[in-house]
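Trainee: This is the structure I have questions about; it appears just below.
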Amino acid sequence: MSKQGRPRSPGHYGDIRRSLAKRLPDGLILLSGAAPCRRNGDVEYPFRQSSDFLYVSGIPRPHCRILIDPRRGRETLFIPKIDNHYRIWLGDLPGPDEAKALYGFERAFYNDRLPAVLKAQARGYRKLYADAGSLKSVKAPKGLRPAQAELRDALDEMRAVKTPGEISLLRKASEVSGLAHRAAMRLARAGLYEYEVQAAFEAECLRRGLKYLGYPSIVAAGKNAAVLHYQDNDAVLKAGDLLLIDAAAEADGYSADITRTFPIGRRFGSRQRDIYALVLEAQKSSIDKARPGLLAAELHLHSMRVIARGLKDLGILRGDESALVEGGATRLFYPHGIGHMLGLDVHDSLGGRKRSLPNPTKVPVRFNARLEPNFVVTVEPGVYFHHAILSDPKIRRRYRSFVDFDKASEFLEVGGVRIEDDVVVQPAGPPMNLTDVPKEIAEIEAIRDEALQ
Ligand SMILES: [Mn+2]
């Protein structure tokens, strides 16, 4: 958003509202934006608009509502009425006339007009497609049946396939996050704390105008990298360890999601290099396969096979590859999915009910849509060595024929390796990669050499 809170590309939000109206032509559509959220005492968290409301409007302000009347082709924005107390403490907000121009609406009123407008426009309709926030705070007019699930599904279906405007925002988020990853990669060295690297990453995003991150930054050195959503970021970096950074900014609400893992010294150690090369192979071959028609579960299965094979070559796993993948032994080292949809939520819409397909593989997955052009997904295999897993007597007993636990324990020093890029599925061929951060071993070691000169 600009300084005035104006979305960068107001035109495309109107198109999205018209598509939504076309999908739900037989009811009024009511969406409520988020309210500020209390952090403690009288302090609020920085305001984040709800993702659905951002999707249809780009409006970053609290307490707004949108009413869409598909038959009459009418869209009305409702905004909060503020007083001078608000202006003095929090600043001015646009009034109705200004808001119309700023956000591209034909009509705008203060919120107190909503019940009357809703009642007037209810004529001819039986349904009120409303979100949870609206149903909590607004009474449906007589004769209109609230239809929350249908609205949810329509938004999920639409949000899965990104428009060119959305892809350009995701590209912006990915570009800036990529520059921040490069800055962190140049800064890291033994003796610094994880939060100092985090500070460099986040400063770079802010410096380039992206004020918000898509999710809390993970800056995990050594064994901390085996904790998938590590949040402490307060350990000291040691020479000889790897550093995993999973962090990204959002642009007008659209988040990137990027992970890199690199040595805190100049070079990968030999076990670190083996695991890194394996994860990189799984990542690059999975990216290449991310083409329309493929089930997300099949993509995940492919990545698991590559990793199972690689861990077998390293003597960590043994036995039949399918048994290793389907029986759970591989999951001890690769306990998450190959990726997820990316958009206004870092773990974005799964694509709605029609895209929730049966999983033909024997590996569990959460995301199982068939890939379509203009899906934006992450591709992020990882391999981790977690002390709690490798020393658990139950696990050791259950998997003793599949896992050489002594061999695996030699890799505890690796901690974890994850490599994550954001890609746009194309109509044919491999996807377009939005992420531009070095990931080849030679490139990373060259950057580390230069950084430690
Ligand atoms: Mn991710």
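The values are calculated or read from the model by the stated rules, or taken from the named source; none is laboratory data. These numbers come from a predicted model, not from an experiment. No Cβ is skipped: glycine too gets one built from the backbone with ideal geometry, and neighbour counts run over all protein chains shown.
Trainee: Within segment 35-73, track down each residue that is over 18 Å from ALA108 (Cα atoms) and in a loop (DSSP other than H, G, I, E, B).
Mentor: Matches in segment 35-73: ALA35, PRO36, CYS37, GLY41, ASP42, TYR45, PRO46, PHE47, ARG48, GLN49, SER50, ARG71.
Trainee: From the list ALA108, ALA154, ALA140, ALA132, which one is over 16 Å from ARG74 (Cα atoms), over 29 Å from the mean Cα position of the chain (by Cα) and in contact (Cβ under 8 Å) with a residue 12 or more places away in the chain?
Mentor: Among ALA108, ALA154, ALA140, ALA132, only ALA140 is over 16 Å from ARG74 (Cα atoms), over 29 Å from the mean Cα position of the chain (by Cα) and in contact (Cβ under 8 Å) with a residue 12 or more places away in the chain.
Trainee: Identify, from the list GLU443, GLU372, the residue that is away from the ligand (no atom under 16 Å from the Cβ), free of Cβ contacts under 8 Å to residues at least 24 places away in the same chain and either outside any loop (DSSP other than H, G, I, E, B) or surrounded by fewer than 20 Cβ atoms within 10 Å (Cβ to Cβ) (or both).
Mentor: GLU443
Trainee: Out of everything in segment 199-223 that is over 29 Å from PRO60 (Cα atoms) and surrounded by 21 or more Cβ atoms within 10 Å (Cβ to Cβ), what residue ends up being nearest to the chain's Cα centre (by Cα)?
Mentor: Looking at the filtered set, the residue picked out is ALA220.
Trainee: Related question: Scanning segment 285-339 for residues that are of a type outside the set (Gly, Ala, Ser), within 16 Å of the ligand (Cβ to nearest atom) and touching a Ser or Thr at 6+ places or on another chain (Cβ under 7 Å), which turns out farthest from GLU372 (Cα to Cα)?
Mentor: My answer is ILE338.
Trainee: So, in segment 13-34, how many residues would count as being part of a helix (DSSP H, G or I) and within 22 Å of the chain's Cα centre (by Cα)?
Mentor: Summing the residues that are part of a helix (DSSP H, G or I) and within 22 Å of the chain's Cα centre (by Cα) in segment 13-34 gives 2.
Trainee: Within segment 428-440, can you find the residues that are within 16 Å of the ligand (Cβ to nearest atom), of a type in the set (A, V, I, L, M) and surrounded by fewer than 21 Cβ atoms within 10 Å (Cβ to Cβ)?
Mentor: none
Here is a yes/no grid of residues against (1) away from the ligand (no atom under 16 Å from the Cβ); (2) within 27 Å of LEU151 (Cβ to Cβ):
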| position | (1), (2) |
| --- | --- |
| TYR276 | yes, no |
| GLN283 | no, no |
| MET341 | no, yes |
| VAL346 | no, yes |
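Trainee: Further question on the same structure: When you look at ARG71, is it modelled with pLDDT of 95 or more and buried (at least 18 other Cβ atoms within 10 Å of the Cβ), yes or no?
Mentor: Spelling it out, it is not the case that ARG71 is modelled with pLDDT of 95 or more and buried (at least 18 other Cβ atoms within 10 Å of the Cβ).
Trainee: Quick check on my filter: what residues within segment 246-271 are assigned to a loop (DSSP other than H, G, I, E, B) and within 12 Å of the ligand (Cβ to nearest atom)?
Mentor: Result: ALA248, ALA256, ASP257.
Residue by residue, here is whether (1) more than 16 Å from the ligand (Cβ to nearest atom); (2) under 28 Å from ALA290 (Cα atoms) holds:
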| site | (1), (2) |
| --- | --- |
| VAL376 | no, yes |
| GLU380 | no, yes |
| PHE385 | yes, yes |
| LEU390 | yes, no |
| ARG396 | yes, no |
| TYR399 | yes, no |
| ASP406 | yes, no |
| VAL423 | no, yes |
| GLN426 | yes, yes |
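Trainee: Quick one: in segment 108-138, which of the residues that are aromatic (Phe, Trp, Tyr) and closer than 20 Å to PRO62 by Cβ is surrounded by the fewest Cβ atoms within 10 Å (Cβ to Cβ)?
Mentor: Per the stated criteria, the residue is TYR110.
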